[in-house]
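A.B. asks: Can you read through this structure? Questions will come right after.
The values are calculated or read from the model by the stated rules, or taken from the named source; none is laboratory data. Owing to the predicted nature of the structure, the values given are computational and were not obtained by experimental measurement. FYI the Cβ positions are ideal-geometry reconstructions off the backbone, even for glycines, and counts take in every protein chain you see.
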Amino acid sequence: MDEPAAFFVFDEIDWANERAGGATAAPAALVAEAKRSGARRKRMVTGQAGYFMNHSVMPAGFEVPLHSHDHNELIVVVAGGCTMLGDGKALAPTTRWCSPPATSTGSVAARKA
């Protein structure tokens, strides 16, 4: 049987409890820095119909170290910007970036001008 369409309402999804652990837990040092700086995310879509999506809020200078996923990744910059680790590509608002599974990615949130 096909999976039905699913709808996700931003205000009905809690901010992730990164200290809860689990298979998708972030490294402890990153969780501690996120808590200290105010970075946070909502796990908007968690595998439904094969999609995963986070809504992340990161203060200027916050770094997500190089890492990889076992699924495709899509980054959409809504506001602010970031610089991708590795190739140094700067992403501005409305920029999209996608990668296949096992691609090493990371970023640093843009500093305010």
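A.B. asks: What strands (runs of 3 or more DSSP E), lying completely within region 71-113, carry at least 2 residues that are touching a Ser or Thr at 6+ places or on another chain (Cβ under 6 Å) and not polar (S, T, N, Q)?
C.D. replies: Working: elements: 73-76, 82-84, 96-99, 105-109.
Of the strands (runs of 3 or more DSSP E) lying wholly inside region 71-113, those with at least 2 residues that are touching a Ser or Thr at 6+ places or on another chain (Cβ under 6 Å) and not polar (S, T, N, Q) span 82-84.
A.B. asks: Here's something else I'd like to know. Taking the condition in contact with a His (Cβ under 9 Å, 6 or more places away or on another chain), at pLDDT 90 or above, farther than 20 Å from Ser37 by Cβ and surrounded by 11 or more Cβ atoms within 10 Å (Cβ to Cβ), does Thr95 pass? Reasoning before the result, please.
C.D. replies: On the way: in contact with a His (Cβ under 9 Å, 6 or more places away or on another chain): no; at pLDDT 90 or above: yes; farther than 20 Å from Ser37 by Cβ: yes; surrounded by 11 or more Cβ atoms within 10 Å (Cβ to Cβ): yes.
No; evaluated as a whole, the condition is false for this residue.
A.B. asks: Sticking with this structure for a sec: I want to confirm something. Restricting to region 83-92 and keeping residues that are touching a Phe, Trp or Tyr at 6+ places or on another chain (Cβ under 9 Å) and surrounded by 14 or more Cβ atoms within 10 Å (Cβ to Cβ), which single residue is farthest from Gly106 (Cα to Cα)?
C.D. replies: If we take residues in region 83-92 being touching a Phe, Trp or Tyr at 6+ places or on another chain (Cβ under 9 Å) and surrounded by 14 or more Cβ atoms within 10 Å (Cβ to Cβ), then Leu91 is farthest from Gly106 (Cα to Cα).
A.B. asks: Regarding Ile75, is this residue surrounded by 12 or more Cβ atoms within 10 Å (Cβ to Cβ) and touching a Phe, Trp or Tyr at 6+ places or on another chain (Cβ under 6 Å)?
C.D. replies: yes
A.B. asks: If you don't mind, another one. Which is free of Cβ contacts under 8 Å to residues at least 24 places away in the same chain, exposed (fewer than 15 other Cβ atoms within 10 Å of the Cβ) and assigned to a loop (DSSP other than H, G, I, E, B), of Ala25, Ala32?
C.D. replies: Ala25
A.B. asks: Quickly run through region 45-78 and pick out the residues that are touching a Cys at 6+ places or on another chain (Cβ under 7 Å) and either of a type in the set (A, V, I, L, M, F, W, C) or modelled with pLDDT of 90 or more (or both). Spell out how you get there, then give the answer.
C.D. replies: Residues of region 45-78 that are touching a Cys at 6+ places or on another chain (Cβ under 7 Å), as a first pass: 72-74.
Passing the criteria: only Leu74.
A.B. asks: Which members of region 11-36 meet the condition of being at pLDDT 85 or above, under 18 Å from Phe52 (Cβ atoms) and among the small types (Gly, Ala, Ser)?
C.D. replies: Ala16
A.B. asks: Hey, does region 40-57 have a residue that's farther than 30 Å from Pro4 by Cβ and outside any strand (DSSP E or B)?
C.D. replies: No, region 40-57 contains no residue that is farther than 30 Å from Pro4 by Cβ and outside any strand (DSSP E or B).
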